[in-house]
1. How many residues does the stretch 408-419 hold that are touching a residue at least 24 places away in the same chain (Cβ under 8 Å), open to solvent by 50 Å² or more (accessible area, probe 1.4 Å) and on the phi < 0 side of the Ramachandran plot?
2. Within the stretch 420-450, work out how many residues are surrounded by fewer than 19 Cβ atoms within 10 Å (Cβ to Cβ) and part of a loop (DSSP other than H, G, I, E, B).
3. Here are the criteria: (1) at pLDDT 95 or above; (2) touching a Gly at 6+ places or on another chain (Cβ under 9 Å); (3) not hydrophobic (A, V, I, L, M, F, W, C). Tell me which single one residue 115 does not satisfy.
4. I'd like to know if the stretch 237-251 contains one or more residues that are in contact with an Asp or Glu (Cβ under 8 Å, 6 or more places away or on another chain), under 18 Å from residue 11 (Cβ atoms) and among the aliphatic types (A, V, I, L, M).
5. Being open to solvent by 20 Å² or more (accessible area, probe 1.4 Å), outside any helix (DSSP H, G or I) and on the phi < 0 side of the Ramachandran plot is the filter here; which residues of the stretch 296-320 pass it?
6. Do we find that residue 54 is in contact with a Ser or Thr (Cβ under 7 Å, 6 or more places away or on another chain) and either hydroxyl-bearing (Ser, Thr, Tyr) or open to solvent by 30 Å² or more (accessible area, probe 1.4 Å) (or both) in this structure?
7. Of all the residues that make up the stretch 222-241, how many are open to solvent by 20 Å² or more (accessible area, probe 1.4 Å) and assigned to a loop (DSSP other than H, G, I, E, B)?
8. Which count do you get for residues in the stretch 266-279 that are crowded, with 24+ Cβ neighbours inside 10 Å, part of a loop (DSSP other than H, G, I, E, B) and touching a residue at least 24 places away in the same chain (Cβ under 8 Å)?
Amino acid sequence: MKVIVVGSSHGGYETVRGILATQPDTEIQWYEQGDFLSFLSCGMQLYLEGTVKDVNQVRYATPEGMTKAGVHVFIKQEISKIDPNNRTVHVINHADGTERDETYDKLVLSVGAVPFELPVPGHELQNIYAMRGRDWAIKLKAKTVDPDINNVVVIGSGYIGIEAAEVFAKAGKHVTVIDLLPRLLSLYLDEEFTSTLTAEMATHHITAAVNQQVQAFNGEAGHVVSVTTDQATYPADLVVSAAGIKANTTMLKGVVDLDDHGLIKINQYLQTSQPDIYAVGDATLVPFAPTGQSARIALATNARRQGRFAAKNLLGIPSPMPAVSGSSALSVFDYHFSSTGVKTGTSKKLGIRSASVLVTDTVRPKFVPNNAGNDKVWFKLTFDPDDGRVLGAQIMSKIDVTANINTISLAIQARLTVADLAYTDFFFQPGFDRPWNIMNVAAQKALATLA
């Protein structure tokens, strides 16, 4: 069997790995349009802040390593057309300008997404950057030490935007974060958490400009100098646009079925409308465990899970994609937080009823020295008010307790209730935690509301 995999990020990489693990004698052709295989954009902050010194290390795999494993790796080669009737792809080799057609038995699309470009005047000015991919990482790194960059405006307050804001704040720049939404990080956390994080960012010279719509980028001599919103104008020597992503699927129109947002329609086996073509990653929807519906959750973990299941299915091992909870985590200066599933702020949009309880405590018993009082923890549990089914949770502390969210993710996928969670057996040792884990405490509190 000959399998062509298009794209070398999370989903494509895991598809290749899955095929090698299950049927290593499969002929695999792996295509990357750029000049670098398998760059991890989620590791960009570590490089920009200097934790990782070499940008070329922020990757899953090398062409040499994958070639040694038996994969035919093609760098700087673009799949420009797909003919599903004849099961061929047209390849443009950007290294030497040649073109050719390749046949396939199965085709996997891991085409991902590209940064959304705000359609406002001035978007073509210089010093308007994205934060996605190796090329942008190299350019952004140079700007962190550029003495001419004093004011940085970040558009968007999702994970990428907040990572960019922290990078430049730590580099000594004044940062403004502009977002249409009423709170920073509001898609990931409820207000009890974001208010603390926003105050923390303010102490590091990050200004929140929320509930504002960008109207124009203003320039002088071809370079951006400020950003105008519907409420104010902010000086900007550099703009980092993290205003969302759009599916990289223009080439696929008329090849496979797309939805109104340009996302590839797939079934539970990762198949597109063409049975021999599979799709994984940010250009698709995933099954969302709390609601039982499909949702757009662009996370590396989801893409990798899809890749592994696409590999099983295309090799003839029918395996439906399991539902996910949308678990994620981030650090913002000294704070660490994670969340999963439904939040109070997202339940209405998802079309479900929910209730929540918030618990604040210390990570360990009060008699244990607590690092100058820095072990306060916030935990919010969201559940179905009718049957108590666990729907989601959020946790935050200056102590890293984010792994608790993995337990809640499992509870969501297993359809456990707050009654199940209230007395679940968790270990206790004073140097680590409280006699009742904070998840127990929150579930007991939630259970009382259902009585």
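1. 3
2. So the answer is 12.
3. Failed condition: (1).
4. yes
5. 296, 297, 298, 299, 315, 317, 318, 320
6. No, not satisfied.
7. The number of residues fulfilling the criteria is 5.
8. Qualifying residue count, the stretch 266-279: 1.
The values are calculated or read from the model by the stated rules, or taken from the named source; none is laboratory data. Just so you know, these numbers come straight off a predicted model, no measurement behind them. Note that we place each Cβ from the backbone using ideal geometry, even for glycine, and neighbour counts take in every protein chain shown. SASA here: full protein model, heavy atoms, side chains in, ligands and nucleic acids out. Shrake-Rupley method; radii C 1.70, N 1.55, O 1.52, S 1.80 Å.
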